[in-house]
Each structure stands twice: as structure tokens, then as C-alpha cells.
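Q: One structure, as C-alpha cells, below. Some questions next.
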Amino acid sequence: MLSNTIQQAINKQIKVEADSSQIYLAMASWAEVQGFEGISAFMYKQSDEERMHMLKLVKYANQRGGDAKIPNVIEPVLDCSSFKALFTQLFEHEVMVSQSINELVHITLQEQDYATHNFLQWYVSEQIEEEATARTILDKINLIGDDKGGLYLFDNDMKSFSGNQ
Ligand code: OFO
């Protein structure tokens, strides 16, 4: 059985994951409109993954006798002035998500809920990967700058990150 404190903390994380899914969906749609197929495919995939992260938490909470709260859908506000701005937001968002997972893990220790602590280790590993991917992409974008040819190649390159190659 989940304590109220744990349920509330999980609900907070459910919202973080749901918001992430919306933010990446907005990025995917923007890139699609701009004609960047690779970036858009990558962002759509990220959005689906975040929804899966949210669902995993919902199902876990309910399975443990909790009552998961499904949050409202947000309308993301993005800075799409450049690709650098876009991918900086992606990176910073993932860093924020990692902090949020860390706080949740910390609460499970305070509450001595070792089952939830164990369950959350998957998220801890996932965040290491997601931050690394976001950092790699941002590094590439920093190298390219505003070079049109470079952006074209970068867009192609992004297909490998989304498994669409
Ligand atoms: Fe990339 O955020 Fe979920 O965990």
C-alpha cells in the first residue's frame, strides 16, 4: 500500500512526464512544419516515450493500492527562434526531470518505501541515457551553428536517433 506522501509525490512525477510528452510533441510538430523530417521523427518518438514513462507510473501507483491522478494537458510555450534554442530547452528540460526523479527517490527513502525505491531505479537509468542523448545533440548543434548544409546533414543524422534510418 502506498502512503499518501508517496502517492502525492508520484502524482507530481506523473505530471512531469505528461508535460514532457506535450513539450516534445510541440517540438515535433514545429520541426515537421519547418520540413525537418529527422528532427521531427526524433521528437515524436521522445513524446511517445514520455507518455510511456507517465503510464508506467500510473499503473504502478494503482497496482500498489494507490489512486493515480491524471493531470491536465498543458499548452507548451517554446522558444523556436533557432535550433540551438530548441535543443537547449530539450537538454534543460531533461536535467529538470532528472532532479525531479532524484527528489522522488529521496522521498521513498524517507518513507522507507523500498518497493517504490526499487521501481524508480529504471527511471534513474533512463535519465542518464536521456541526458546524454540531449547533450550529444546539443553539442552537434553548437558545432553546426546556422550553417544550412550542416543542418540538412544533422536532420538526416537525427533519423538514427529515432530508429527511422
Ligand atoms: Fe525524459 O523524462 Fe521521462 O523520465
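The values are calculated or read from the model by the stated rules, or taken from the named source; none is laboratory data. On a predicted model such as this, the values are computed, not experimentally measured, just so you know. All Cβ positions, even for glycine, are placed from backbone atoms using ideal geometry, and neighbour counts span all protein chains on display.
Q: Can you find a residue that is farther than 20 Å from Ala132 by Cα, touching a residue at least 60 places away in the same chain (Cβ under 8 Å) and aliphatic (A, V, I, L, M) anywhere in the range 39-57?
A: no
Q: Out of all the residues in the range 125-165, which are farther than 21 Å from Glu37 by Cα and touching a helix residue (DSSP H, G or I) at 6+ places or on another chain (Cβ under 6 Å)?
A: Matches in the range 125-165: Gln127, Glu131.
Q: Taking the range 1-12, which residues are modelled with pLDDT of 95 or more and surrounded by fewer than 21 Cβ atoms within 10 Å (Cβ to Cβ)?
A: Ser3, Asn4, Thr5, Gln7, Gln8, Asn11, Lys12
Q: State which residue is nearest to Leu90 (Cα to Cα) when the search covers only the range 123-148 and only residues that are within 10 Å of the ligand (Cβ to nearest atom) and surrounded by 11 or more Cβ atoms within 10 Å (Cβ to Cβ).
A: Ala134
Q: Which residue out of Ser40, Ser29, Ser20 is within 12 Å of the chain's Cα centre (by Cα) and among the small types (Gly, Ala, Ser)?
A: Only one candidate passes the filter, namely Ser20.
Q: In this structure, does Ser40 turn out to be crowded, with 21+ Cβ neighbours inside 10 Å and either modelled with pLDDT under 95 or away from the ligand (no atom under 16 Å from the Cβ) (or both)?
A: Yes.
Q: Among all residue pairs at least 6 apart or on different chains, which show Cβ distances below 6 Å where the first residue, located in the range 100-116, is over 21 Å from Ala18 (Cβ atoms) and the second is surrounded by fewer than 20 Cβ atoms within 10 Å (Cβ to Cβ)?
A: Glu111/Ser3; Glu111/Thr5
Q: Could you pull out the residue among Glu49, Glu32 that is under 30 Å from Lys148 (Cβ atoms), surrounded by fewer than 22 Cβ atoms within 10 Å (Cβ to Cβ) and near the ligand (Cβ under 9 Å from one of its atoms)?
A: None of the other options fit; the residue is Glu49.
Q: So, in the range 63-102, how many residues would count as being surrounded by fewer than 15 Cβ atoms within 10 Å (Cβ to Cβ), farther than 19 Å from Gln7 by Cβ and among the charged types (D, E, K, R)?
A: Of the residues in that region, 3 qualify.
Q: Something else: Determine whether the range 74-86 contains at least one residue that is under 13 Å from the mean Cα position of the chain (by Cα) and either at pLDDT below 95 or more than 10 Å from the ligand (Cβ to nearest atom) (or both).
A: No: zero hits.
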